[in-house]
2 protein chains.
Amino acid sequence: MTRKSHSITIRDVARQADVSVATVSRYINRNAPVSPEVAERISKVMAELNYVPHAAARHLATRKTRSIGLLLTTINYDFFTPLLSGLERVVAENNHNLLVATYRADLRKDYPPPVGPHNTDGVVVFADALQEEQLAQWYRMNFPMVLVHRTPPPYLNVPYVTIENKAASRKIVDHLIEVHGRRRIMFTRGLENHEDSHWRELGYKASLEAHGIPYDPRLIIRGEFDREVTYQEMSAFLANNHPDFDAVFASDDDSALGVIRALHDADIPVPEAVSVVGFDDQHFSCILPLPLTTVRAPTEEVGRMAGLQMFKLLQGEPADPMTLLPTEIVIRQSCGCNESQ
Amino acid sequence: MTRKSHSITIRDVARQADVSVATVSRYINRNAPVSPEVAERISKVMAELNYVPHAAARHLATRKTRSIGLLLTTINYDFFTPLLSGLERVVAENNHNLLVATYRADLRKDYPPPVGPHNTDGVVVFADALQEEQLAQWYRMNFPMVLVHRTPPPYLNVPYVTIENKAASRKIVDHLIEVHGRRRIMFTRGLENHEDSHWRELGYKASLEAHGIPYDPRLIIRGEFDREVTYQEMSAFLANNHPDFDAVFASDDDSALGVIRALHDADIPVPEAVSVVGFDDQHFSCILPLPLTTVRAPTEEVGRMAGLQMFKLLQGEPADPMTLLPTEIVIRQSCGCNESQ
DNA sequence: CCGGTTACAGTAACCGGTTACATTATTACA
DNA sequence: TGTAATAATGTAACCGGTTACTGTAACCGG
């Protein structure tokens, strides 16, 4: 064993196969003709030496990393499983790698994002993982990006894929009003700066307005898309003397769980006294004690679509500026309906 | 704009700061002293130019990728959210990147694994994502690996982290027998080649044996850790004339859900006629209509520990050959207990 | 005042691929 | 038969960092 335990390189293969490195490279990438006999020789030597091209060297030379990044704000929600799964499949099908990272632009202004032009060919950005300034900078350098659950600022032509939030929200609140006669409907706001929450709130307001119900800001509480936070907020709301209410539209299913628990603690019967509905139709929503009336969000499809758009960008094809995936409300029992299943 | 829209390199920084590239490199890596004034100049220029070192170039020179791989069999289970989350945190804390990939050794023998020595400094391998032969090969080349939910073959000294399956399984079956007087207990087997399932079955058998209950293979059905599969299998079991049973130990919580639904369809009251228990204590298990008696698996901790072991390996410190995380049974109501919460 | 450290900085080789350009042999065609 | 086009291959520069080696000046103890 020599002093360098160095790995086998393309030059080793070239020497053994008695050809030049260029030829080996061409054989590997099949981007120029190589005579059959030579191909055979190279192939044999590669197998013998167990040669695998060094990714970094390749990246350096081609300026392609063959990997794409996924930038999340957190990995706490079950929500991310389908997203990741959908994206990973597309990425793998295209023979690329997936770099998963978390980053909260608001918390780490001093550090650069863990994935970016330096280590990926493009990144899929979830919601507000990145601030506008960073998006703009990457946009200027033509770095491929796809936004999910976020609309780019109007001056940035970045493809985004998200779901139909407003119409579905409106529809589910319509349901509360029209079918169940609710008129004092609470809303548990999602995360600040999180667009989904914003649109859901707009849908909520639109429904109220359409039915001539005044908007009462006292019926809005914090939820942050988090079961615990919502539970705390809802409990606090109930503890103090609070305005009347007869329904809750939670900004997501996780939040709805917190609402239900708080109501349960306060001995308020659901759905008899208060209807509760959510958003997302998460994995668990149909198997709850009180199956949740909610909106089905095609999260896996969001991941898949984001991947498809990304590869369109990478192949120089025009990507769809906007992919808006349809949602549909699913009526179960937490609103007061009694679909026997 | 010149023909090359080339990115800014360390040489650009060096030129602007009027120092050599070596000095810039040393400043960036802080691996050799740099005078304060020069440091200041470099720092300023780097910020101005918005310079980020090119990862591939660095990899090539240092032969370190600063990224570690996670090799999964699938991303379908909610189970993976905590695993991923725990691992990602450690990886990020150590300033590395996380490459997530799926691979089924049994399905893709011809293709090499998507993560390996060519693009990572080490990989965390879940269960049977990789075959023994591949493990052995990487082991021979000293490639750092950590196994999760899998024991390495005895001749491979690869650290692994997993959870205590057998004792907890035995304890939960003991509970069914001792507290609820069950004696005809079914088991829904998890995935073939999946070690967890194997150990859980051993715990199950051990409990039976300790209580003098004969093992009846007719009480074992397929579950594959999957709600749907288990539902189908359990339904099929119930449809044909089947041996008596009074309890089911499902190999995981997802599977338990399938069991409960099948029993429900057949109008068999749970937990009155049949006790059902699971394993994992997933996110949803406590909020089910019938809160699940199960075993708490510290999955996030598994991810964290796997990461810690990996970085021990990378830093040349000795890693713990085995990390066995404790589990505990959590008694809720699906077994027949009636903990009012 | 002198030999030996030490702190700081620069030059250039090197990591392992890709590829522009050059070269040679072969085939096609007027 | 001469010439152009084409196929197959080789040479060497280049991608953007790191670092071994070298040099200089300041500092230190005797």
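When A:55, A:17 are checked against the criterion of being within 33 Å of the chain's Cα centre (by Cα), more than 30 Å from residue A:279 (Cβ to Cβ) and surrounded by 20 or more Cβ atoms within 10 Å (Cβ to Cβ), a single residue qualifies: A:55. Of all the criteria given as (1) crowded, with 20+ Cβ neighbours inside 10 Å; (2) under 13 Å from the mean Cα position of the chain (by Cα), the one not satisfied by residue B:97 is (2).
If only residues of the stretch A:76-85 that are facing another protein chain (nearest Cβ under 7 Å) and of a type in the set (Ser, Thr, Tyr) are counted, the one that is surrounded by the most Cβ atoms within 10 Å (Cβ to Cβ) is A:81.
No other residue among A:17, A:57 is near DNA strand D (Cβ under 9 Å from one of its atoms) and either touching a Leu at 6+ places or on another chain (Cβ under 7 Å) or within 8 Å of another protein chain (Cβ to nearest Cβ) (or both) apart from A:57. Inside the stretch A:101-118, can you point out the residues that are surrounded by 18 or more Cβ atoms within 10 Å (Cβ to Cβ) and more than 8 Å from every other protein chain (Cβ to nearest Cβ)? Passing the criteria: A:103, A:105, A:113.
Residue by residue, here is whether (1) among the acidic types (Asp, Glu); (2) more than 30 Å from residue A:214 (Cα to Cα); (3) within 13 Å of another protein chain (Cβ to nearest Cβ) holds:
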site	(1), (2), (3)
A:243	no, no, no
A:253	yes, no, yes
A:260	no, no, yes
A:274	no, no, no
A:283	no, yes, yes
A:302	no, yes, no
A:306	no, yes, no
A:316	no, yes, no
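Identify the residue in the stretch A:60-73 that is touching a His at 6+ places or on another chain (Cβ under 8 Å) and part of a loop (DSSP other than H, G, I, E, B) and, among all such residues, is nearest to DNA strand D (Cβ to nearest atom). The residue in question is A:65. Can you find a residue that is under 20 Å from residue A:267 (Cα atoms) and of a type in the set (Asp, Glu) anywhere in the stretch A:201-214? No, the stretch A:201-214 contains no residue that is under 20 Å from residue A:267 (Cα atoms) and of a type in the set (Asp, Glu). Scoring residue B:73 on the criteria (1) surrounded by 15 or more Cβ atoms within 10 Å (Cβ to Cβ); (2) facing another protein chain (nearest Cβ under 8 Å) leaves a single failure, condition (2). Of all residues in the stretch B:14-49, exactly one satisfies the criterion of being outside any helix (DSSP H, G or I) and either in contact with a strand residue (DSSP E or B) (Cβ under 7 Å, 6 or more places away or on another chain) or among the acidic types (Asp, Glu) (or both), namely B:18. Taking the stated definitions as given, is residue A:204 crowded, with 16+ Cβ neighbours inside 10 Å and assigned by TED's automatic domain parsing to the domain that holds residue A:230? So residue A:204 fits the description; yes. Per this entry, residue B:98 is not counted among residues that are closer than 20 Å to residue B:253 by Cα and either within 10 Å of another protein chain (Cβ to nearest Cβ) or without any contact (Cβ under 8 Å) to a residue 40 or more places away in the chain (or both). The listed residues are B:39, B:47, B:22, B:61, and the only one of them that is away from DNA strand C (no atom under 13 Å from the Cβ), surrounded by fewer than 20 Cβ atoms within 10 Å (Cβ to Cβ) and without any contact (Cβ under 8 Å) to a residue 24 or more places away in the chain turns out to be B:47.
A search for C-beta distances below 8 Å between a residue of the stretch A:207-235 that is within 22 Å of residue A:180 (Cα to Cα) and at pLDDT 95 or above and any residue that is of a type in the set (Ser, Thr, Tyr) and surrounded by fewer than 21 Cβ atoms within 10 Å (Cβ to Cβ), counting only pairs 6+ apart in sequence or on different chains, returns A:208/A:215; A:209/A:215. With respect to residue B:88, determine if the residue is more than 14 Å from chain A (Cβ to nearest Cβ), acidic (Asp, Glu) and either surrounded by 21 or more Cβ atoms within 10 Å (Cβ to Cβ) or closer than 30 Å to residue B:208 by Cβ (or both). Judged against the criteria, residue B:88 is not a match.
Could you tell me how many of the residues in the stretch A:119-158 are touching a residue at least 24 places away in the same chain (Cβ under 8 Å), touching a Leu at 6+ places or on another chain (Cβ under 9 Å) and within 11 Å of another protein chain (Cβ to nearest Cβ)? Final tally of qualifying residues: 2.
The values are calculated or read from the model by the stated rules, or taken from the named source; none is laboratory data. Not measured: the values here are computed from a predicted model. Neighbour counts are summed over all protein chains in view; Cβ atoms, including those assigned to glycine, are modelled from backbone coordinates with ideal geometry.
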